[in-house]
Amino acid sequence: QVQLVESGGGLVQPGGSLRLSCEASGSFFRLYTMAWYRQVSGKQRDLVAIITSRSSTNYADSVKGRFTISRDGAKNAVYLQMNSLKPEDTAVYYCNLKMGGDDYWGQGTQVTVSS
C-alpha cells in the first residue's frame, strides 16, 4: 500500500521561505516520478514541480527560479524548497507519486503566505 506523508507547511510572510517534505512508504519509490501539486479551494489542482527517477526536473512557469524540487532515494523522500514566496502561492500542497499509470496522493499540507 502506497502512503505519502507531507510536512512543512505553515504561515509565512511574503518573501519568506518554506521547505515541504514528503516521505513515501516502500522501497519502489526511487523508480518513479514524483511531483508536487497545489490547489486553491474551488479551483483545480495544478502541477507545481516534477522530478523523474533520474532527477530531471520541470516547473510551472509561476514558480521557476523560486522553487526547487529534489529527492533523496535513501530516505524515500521528496522535497520542495520554496523561496521568495508570494501571496498567490497560498494553497494546499500535495505530494504525488506516478506509478503504473496511476496517481497516488498525500493528505496535503497548507501553505499560507500573508503579512
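The values are calculated or read from the model by the stated rules, or taken from the named source; none is laboratory data. Given the structure is predicted, the values throughout are model-derived calculations rather than measurements. Backbone-built Cβ (ideal geometry, glycine too); neighbour counts: all protein chains shown. Remember, those area values only see protein heavy atoms, side chains included, never the ligands or the DNA or RNA. Shrake-Rupley method; radii C 1.70, N 1.55, O 1.52, S 1.80 Å.
For segment 72-107, the set of residues classified as out of contact with any strand residue (DSSP E or B) (no Cβ under 9 Å at 6 or more places or on another chain) and among the charged types (D, E, K, R) consists of 102 only.
Residues in segment 58-83 that are over 24 Å from residue 11 (Cα atoms), open to solvent by less than 70 Å² (accessible area, probe 1.4 Å) and assigned to a helix (DSSP H, G or I): how many? Number of matching residues: 1.
When 98, 75, 86 are checked against the criterion of being modelled with pLDDT of 95 or more and charged (D, E, K, R), a single residue qualifies: 86.
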